[in-house]
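Notes follow once the structure below has been shown.
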Amino acid sequence: MGELILKNINIRYGGEPVVRDFNLEVRNGEMVSLLGPSGAGKTTVLKAVAGLIRPERGEILIDGYSVQDLPPEKRDAVMVFQKPLLFPFMNVMQNVGFGLRMRGEPVREARQRIQEILALTQLGGLEYRKVHELSGGQQQRVSLARALVLKPAILLLDEPLSNLDANLRQQMRELIQEIQAQTRITTLFVTHDQAEALMISHRVSLLLNGRLRQVGKPRELFYRPADPEVARFFGARNFIQGRVKDGWFQSEFGTFQVPQGFTANGDWLTATIRPEDLRVSPDSQFEIQGEIQKINFEGSATRIWVRCRTTEFVVLTSEADFFPGQNVRIHLPPDKIRIFPPDSKEFEKIEEI
Amino acid sequence: MIGLARKIVAGGVVAAVILPFIPLIMWSFSNRWFYPDLWPRPWGTRAWEYVLGIAGSQITAALGRSLWVAAVTAVMAVVVGTPAGRALGLYDFKGKDLVSVLLTLPVIVPPLCVAMGLHLWFIKLGLAETFGGVVLVHLTFCLPYTVFVMWGVFSNYNLDFEDQARSLGASTLQVMYRVMLPLTFSGIVVAGLFAFLLSWSQYLSTLIIGGGKITTLPILLFALMGSGDRPVAASVSIVFVVPAFLALLLSARHLGRRSITGVR
Ligand SMILES: Nc1ncnc2c1ncn2[C@@H]1O[C@H](COP(=O)(O)OP(=O)(O)O)[C@@H](O)[C@H]1O
Ligand SMILES: [Mg+2]
């Protein structure tokens, strides 16, 4: 069993609050990622669950029981830090066995479990290696094994991939995913990398500036961001404003049907369209006229900044034969427009970011 | 080239350590040795016979007392100096600068003043001429060094190791013994060695506070020097140097940069 519930968590280090009114539920066997830019408060949340810092307010429940007054060593949640933090005075086996030894587990059973976990984390044969003889990837796996061997109800991973280079990162991500699927260990996975979060987790929770902004399935966050800031975090760059009238969103770039359930009428709302959904063409087939400001060739795609009257659109296209200063036309496919509900943040606010 | 330079430097260091001992050893194996002569004449083992024979029990007792005083002082200096160094290295608090000034005081102020000043207090407290009193006065000289060493160790210490250990199920006590102690062990050995050697070579403060009752080896050594018998003084000096040298050798692998930089 492993179910984690965070209720109204507020955390501050002395002055400013770092985490505000944080609510999250991680169900048994689920892998939820806690996504957010550096400094958002992700590590802080993990430490609170692990018991290493005390929230100012709020409640943390593991398997239905409040763990508020339990010290870290008594909590059935183990945190794996961003750096491997392997004990340099111990070999791989001793490092992995550290927690079992602290618990006073019988040596025989401990050895058995250590061997199992070493096999699971592809560390077989490295039992007696010194820590400094390991590669970065191996160190990260030892640090993961050291937590897994304890079979905690909740596994807390703090950016376990951030210290690895691209290639290793993918391998490690797949390994973590595989182990999680195999052991069904309830996992809260911290990352600042949106792609990583989308790939690895059952559900993603987005933390911005100490506030939880949206929780949902990867596709939900990506295609139906709750507000412009969430959209921006996932790479949305084009925001347009318009007024809702009788079920239609009217903007200077076209009129689009408002999704069902919107009650707003006469309100100014913000809509967005992802760079890869915008269409651009040098011909006159599209309705909106613009001029190319800048071009970034990114390999599989080309990023183009197009100025249309006072608005600058970012377009991601697979065609590469554009040039700065070129007059082009763009098109906003109506089915790709995301109109934010009225209670989301206003456009002006996000512009400041 | 670099290899050769390194060898020359290493040889120089060894020579600098060993050279002063050569006359000392020669002295100890002479029966008499007068000024213009290059060698003692006649050679002999009179001094060693005396040191190991008639004076043997006296010297053994002084040696034991010195070891005991130095060991107790070193242990206490480490036990007090480690938490103090930890607090200074890891946390910021008001008056931290003042602490460092206060710590250097016993190092700067002449030992005679410190010992004389403390003597009056120790008499009132009944500590004069006692083992505890001598250890305490030695501590005033040793503690600043251990605190400074441990301060350095802990200012490079990564507390995340302790948090990680706790999350893995280690209690506060286990974190101390299974994580902090091994991580800072080299630093602790160096701090302890400093304290041991400083206490080992104390003369004036032992004399003043011990009042001649606590005869450590240096006290005996000076007494023998005073009697003017150079060969005997030389052989006692060797007896005096050997344990210090052994302590240094035993802790050699903990010396060096690694020991006082801690682990990231
Ligand atoms: N020990 C601390 N004392 C004071 N402020 C801290 C401390 N740890 C983190 N912070 C601050 O809290 C905020 C969130 O930190 P953190 O949880 O580490 O962010 P993240 O892991 O998302 O990068 C940051 O602004 C950081 O500067
Ligand atoms: Mg972090």
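For residue A:67, the stated conditions hold: it is buried (at least 16 other Cβ atoms within 10 Å of the Cβ) and on the phi < 0 side of the Ramachandran plot.
What is the number of the single condition among (1) farther than 24 Å from residue A:47 by Cα; (2) touching a residue at least 60 places away in the same chain (Cβ under 8 Å); (3) out of contact with any Lys or Arg (no Cβ under 7 Å at 6 or more places or on another chain); (4) not charged (D, E, K, R) that residue A:226 does not meet? Unmet condition: (3). Close Cβ contacts (under 8 Å, 6 or more residues apart or on different chains) running from residues in the stretch B:152-163 that are more than 13 Å from every other protein chain (Cβ to nearest Cβ) to residues that are among the basic types (Lys, Arg) comprise B:154/B:86; B:156/B:264. In the set (1) part of a loop (DSSP other than H, G, I, E, B); (2) within 12 Å of chain B (Cβ to nearest Cβ), the condition left unmet by residue A:126 is number (2). Residues in the stretch A:36-74 that are in contact with a strand residue (DSSP E or B) (Cβ under 7 Å, 6 or more places away or on another chain) and away from ligand 1 (no atom under 15 Å from the Cβ): A:57, A:58, A:59, A:60, A:61, A:62, A:66, A:67, A:68.
Where helices (runs of 4 or more DSSP H) sit wholly within the stretch A:3-107, those with at least 2 residues that are within 16 Å of ligand 2 (Cβ to nearest atom) and at pLDDT 95 or above occupy A:42-50. Against the conditions (1) over 20 Å from residue B:170 (Cα atoms); (2) more than 16 Å from ligand 1 (Cβ to nearest atom); (3) within 14 Å of chain B (Cβ to nearest Cβ), residue A:163 satisfies every one except (2).
Six or more apart or on different chains, Cβ atoms under 6 Å: show the pairs whose first residue is in the stretch A:38-54 and away from chain B (no Cβ under 12 Å) and whose second is within 13 Å of ligand 2 (Cβ to nearest atom) and not hydrophobic (A, V, I, L, M, F, W, C). What qualifies is A:38/A:192; A:41/A:210; A:42/A:36. Inside the stretch B:81-93, residues that are buried (at least 16 other Cβ atoms within 10 Å of the Cβ) and either within 15 Å of residue B:180 (Cα to Cα) or among the acidic types (Asp, Glu) (or both) make up a count of 7. When the stretch A:1-23 is filtered for residues that are among the β-branched types (Val, Ile, Thr) and either within 14 Å of chain B (Cβ to nearest Cβ) or more than 8 Å from ligand 1 (Cβ to nearest atom) (or both), the ones remaining, listed by number, are A:5, A:9, A:11.
Out of A:93, A:79, A:102, I need the residue that is buried (at least 17 other Cβ atoms within 10 Å of the Cβ), facing another protein chain (nearest Cβ under 10 Å) and free of Cβ contacts under 8 Å to residues at least 40 places away in the same chain. Which one? Talk me through it step by step, then tell me what you get.
Details: A:93 fails: facing another protein chain (nearest Cβ under 10 Å); A:79 fails: free of Cβ contacts under 8 Å to residues at least 40 places away in the same chain.
A:102 is the lone residue from the list that is buried (at least 17 other Cβ atoms within 10 Å of the Cβ), facing another protein chain (nearest Cβ under 10 Å) and free of Cβ contacts under 8 Å to residues at least 40 places away in the same chain.
Residue A:133 passes every criterion in (1) within 16 Å of ligand 2 (Cβ to nearest atom); (2) surrounded by fewer than 23 Cβ atoms within 10 Å (Cβ to Cβ) apart from (1). Taken as a whole, the condition of being more than 16 Å from residue A:147 (Cβ to Cβ), within 10 Å of chain A (Cβ to nearest Cβ) and modelled with pLDDT of 95 or more applies to residue B:171.
Just checking, does the stretch B:246-260 include any residue being among the basic types (Lys, Arg), within 22 Å of the chain's Cα centre (by Cα) and not in a helix (DSSP H, G or I)? No.
Go through the residues of the stretch A:24-35 one by one and say whether even a single one is under 16 Å from the mean Cα position of the chain (by Cα), within 13 Å of ligand 1 (Cβ to nearest atom), within 14 Å of chain B (Cβ to nearest Cβ) and buried (at least 16 other Cβ atoms within 10 Å of the Cβ).
Let us first name the residues in the stretch A:24-35 that are under 16 Å from the mean Cα position of the chain (by Cα), namely A:24-26, A:30-35.
Then drop every residue that is not within 13 Å of ligand 1 (Cβ to nearest atom), which leaves A:33-35.
The next check asks that each one be within 14 Å of chain B (Cβ to nearest Cβ); those that pass are none.
Looking for residues that are under 16 Å from the mean Cα position of the chain (by Cα), within 13 Å of ligand 1 (Cβ to nearest atom), within 14 Å of chain B (Cβ to nearest Cβ) and buried (at least 16 other Cβ atoms within 10 Å of the Cβ), one finds none in the stretch A:24-35, hence no.
The values are calculated or read from the model by the stated rules, or taken from the named source; none is laboratory data. Values in this document were obtained by computation on a predicted structure and should not be read as measured data. We place every Cβ from the backbone using ideal geometry, glycine too, and count neighbours over all the protein chains shown.
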